[in-house]
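Beneath this line is the structure, given in structure tokens, with notes to follow.
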Number of protein chains: 2
Amino acid sequence: MVSDSINPNISVDCVVFGYDFKHLNVLLVERTLIGVNNETIFSDYSLAGNHIYEDEDIDGAASRILEDLTGFKKVYLKQFQSFAHPDRLKKIRDQKWLRSIGYNSQNRVITVGYYALLNCKEVTIHPGNRIVKWTPVEKVKKLAFDHNEILSNALDDLRLKMRTSPIGYELLPKKFTLSQLQKLYEVIYDTRIDKRNFRKKIAKLNYIVPLNEKQKGVAHKPAQLYMYSQEVFEITKREFFDITI
Amino acid sequence: MVSDSINPNISVDCVVFGYDFKHLNVLLVERTLIGVNNETIFSDYSLAGNHIYEDEDIDGAASRILEDLTGFKKVYLKQFQSFAHPDRLKKIRDQKWLRSIGYNSQNRVITVGYYALLNCKEVTIHPGNRIVKWTPVEKVKKLAFDHNEILSNALDDLRLKMRTSPIGYELLPKKFTLSQLQKLYEVIYDTRIDKRNFRKKIAKLNYIVPLNEKQKGVAHKPAQLYMYSQEVFEITKREFFDITI
DNA sequence: ACAAAAGTGTTCTAGATACACCCATGA
DNA sequence: TCATGGGTGTATCTAGAACACTTTTGT
């Protein structure tokens, strides 16, 4: 399928967002530079990213990188922005790192940013030989390259996109409760929502479908489970005109 | 400032939108391939685009391309999507064209898509030695390369963006009437809006400021002129939570 | 029996929609 | 004086906001 020649000028970076019912997390990959005497020169984190193959589409490259790192395929993945500042890989530690892994550190590299949405509890990460960790987005420290900027723009785009399309469900398990959905909005927009008003609003959306099933094994009244139906959404959505600002 | 070495793998394409109070137009550049006997092999249109210089940022490259073509600088310009399909330049006529202008037609090229917003009546295009024309977006025929796809995605992004940020004003002159603004929304969303309701809505937006000035020289009651104030918008905007779908 | 989250209704306010006539100007 | 687009108000309906108690389960 894919040739073994990579394009040295084009890479893809994936911001992998995962929701665990408490925080919005991002999946970070450890980057540790070891010196000749086996000492650690530095250790920090980066987003999941890599160069693309010459005969590979970028959407395909993004899924490949995600599958490589996590072991699963069917994940919501959206291209949101490209980053191409000539100096984006020119910080000293980034240059050292690039040379250590055998790259020509003088190459101009444009990276295409994607974000992935998934539910932490529904998936298991198979990181191969890399060390990865989930970090709540508000606790992320200084990352490799321009990855803080990439993360921050991904978050902005996610917040915007969630207001105009039903993508929040990608961060939840197939079957979810209304409280889990409400908490998701509260976490992403850092706000509080009234439970009764929220439920009235959701009740009007016919693409959020109640199932004949309740939560089990919880130490309180078990909640009704719901699913999101893409099919119902497609059929019932309508164009609207609104100057929301 | 800018070195003379271009990056053969990275280009920028600008979708230049212009509003003329009747249509949303896009600026197209003629592409004519002339044979050895001076016969026209084909003639069609493309978006405004070019490769970037090695030491140039892509935002800078986009403004440069826009300035080259139109002769003006201060234009709203937004990156919206990158296009990187391996076969995007592989159609026969595109290959012929690339060879005729001295490019290696086998190069893999990723292009970063931008759109520009301006008012046709407020600007004069200085296209240099190129032939350009404004075309209403709904009348655009088959374009060069993957430019129809780029245009169509730019339009989708513009329609989405206009719902959540005040960018429509970039398509109007500095001073505009409420009817011109209403018509803009009607054209872009292909819809009809009730005049009284529209005006009530606008009246609530304090960043659309009435001026002490009216239209002149029109064969009917002259309209009140308004301006958009970015400054007022920045100060009065507030975050909002909304599941609009 | 207690702790924990689920689930539910009413009142008030604000915004959306539908709709028709008079006004100021240039030709 | 006519043609053209500018400008205005009311009544109805729908959606948003504020607010507190009972229910069901596991421990």
Fill in: In the stretch A:215-245, the residues that are closer than 30 Å to residue B:200 by Cβ and modelled with pLDDT of 95 or more
none
Practice prompt. Looking at (1) buried (at least 20 other Cβ atoms within 10 Å of the Cβ); (2) part of a loop (DSSP other than H, G, I, E, B), find the lone condition where residue B:97 falls short.
Written response: (2)
Worksheet item: For residue A:118, are the conditions met, namely being closer than 22 Å to residue A:148 by Cβ and not in a strand (DSSP E or B)?
Response: no
Practice prompt. Report yes if residue A:126 is under 19 Å from the mean Cα position of the chain (by Cα) and modelled with pLDDT of 95 or more, otherwise no.
Written response: no
Fill in: Subset tally (residues that are under 26 Å from residue A:62 (Cβ atoms) and either at pLDDT below 95 or more than 11 Å from chain A (Cβ to nearest Cβ) (or both)) for the stretch B:68-83
1
Item to complete: Could you list, in sequence order, all residues of the stretch A:68-84 that are touching an Asp or Glu at 6+ places or on another chain (Cβ under 9 Å) and either over 24 Å from residue A:174 (Cβ atoms) or assigned to a strand (DSSP E or B) (or both)?
Response: A:76, A:77, A:78, A:79, A:80, A:81, A:83, A:84
Worksheet, complete the sentence: Okay, helices (runs of 4 or more DSSP H) sitting entirely in the stretch A:129-245 with 1 or more residues that are more than 12 Å from every other protein chain (Cβ to nearest Cβ) and within 14 Å of DNA strand D (Cβ to nearest atom), I get A:178-189, A:195-203
Worksheet entry | Residue within the stretch B:142-163 that is closer than 26 Å to residue A:165 by Cβ, basic (Lys, Arg) and either away from DNA strand C (no atom under 16 Å from the Cβ) or in contact with a Phe, Trp or Tyr (Cβ under 8 Å, 6 or more places away or on another chain) (or both) present | yes
Worksheet item: Got a sec? Which strands (runs of 3 or more DSSP E) wholly within the stretch A:15-67 have at least 3 residues that are within 14 Å of chain B (Cβ to nearest Cβ) and among the polar types (S, T, N, Q)?
Response: none
Practice prompt. Give the residues of the stretch B:105-128 that are aliphatic (A, V, I, L, M) and more than 14 Å from chain A (Cβ to nearest Cβ), sorted by residue number.
Written response: B:116, B:117, B:118, B:123, B:125
Practice prompt. List the number of the failed condition for residue B:197; all other conditions in (1) surrounded by fewer than 17 Cβ atoms within 10 Å (Cβ to Cβ); (2) over 30 Å from residue A:207 (Cβ atoms) hold.
Written response: (2)
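The values are calculated or read from the model by the stated rules, or taken from the named source; none is laboratory data. Please read all numbers here as calculations on a predicted model, not as lab measurements. No Cβ is skipped: glycine too gets one built from the backbone with ideal geometry, and neighbour counts run over all protein chains shown.
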